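Below is one structure, written out as structure tokens; the observations come after it.
The values are calculated or read from the model by the stated rules, or taken from the named source; none is laboratory data. What you see is a predicted model; the values in this text were computed from it and never measured. Here Cβ is always computed from backbone atoms with ideal geometry, including for glycine, and neighbour counts include all displayed protein chains.
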Amino acid sequence: MTDWSVETLLQYLRNSDYKIEGKIARSIGDVASIQNGTTNDISFCAFDDYRGILSISRSNAGVILCKKTRGLVYPNKKYAQVLIFVHNPRLEFTRIAKKN
């Protein structure tokens, strides 16, 4: 995957009804699982319960597509994470990965 800005990634989201937490002034170089993601990767988390909060808080991924939920999840400031809340993170992640 070539380096993409978060703004470019947002153009590939099917549903424009998303919410962003974190500073979007960063670039992403690859896709990865939430467990193996690095600060240069985009990943996703499909859980919307405590497993999702735990997975996101433990992840080093730079951008994580998260399921829209009422729970409070905040980006990991140590890694300058960006969290993008969408209705179907797995589907949106697949769309972005196919653009690779």
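Observations on the model:
- Region 24-60: number of residues that are basic (Lys, Arg) and touching a strand residue (DSSP E or B) at 6+ places or on another chain (Cβ under 7 Å): 1
- Residue that is modelled with pLDDT under 85, surrounded by 14 or more Cβ atoms within 10 Å (Cβ to Cβ) and of a type in the set (A, V, I, L, M, F, W, C), where the choices are Ala46, Ala32: Ala46
- From the list Val31, Val6, the lone residue that is touching a helix residue (DSSP H, G or I) at 6+ places or on another chain (Cβ under 7 Å) and either aliphatic (A, V, I, L, M) or at positive phi (or both) is Val31.
- Within region 16-24, the presence of at least one residue that is in a loop (DSSP other than H, G, I, E, B), without any contact (Cβ under 8 Å) to a residue 60 or more places away in the chain and surrounded by 13 or more Cβ atoms within 10 Å (Cβ to Cβ) is confirmed.
- The lone exception for Arg90 - which of (1) basic (Lys, Arg); (2) more than 12 Å from the chain's Cα centre (by Cα); (3) at pLDDT 85 or above it fails: (2)
- Sub-7 Å Cβ pairs linking a first residue in region 75-100 that is basic (Lys, Arg) to a second residue that is crowded, with 19+ Cβ neighbours inside 10 Å and modelled with pLDDT of 90 or more, at least 6 apart or interchain, are Arg90/Phe44, ordered by first then second residue.
- Filtered residue count, region 3-15, keeping only those that are loosely packed, with under 14 Cβ neighbours inside 10 Å and closer than 13 Å to Ala97 by Cβ: 1
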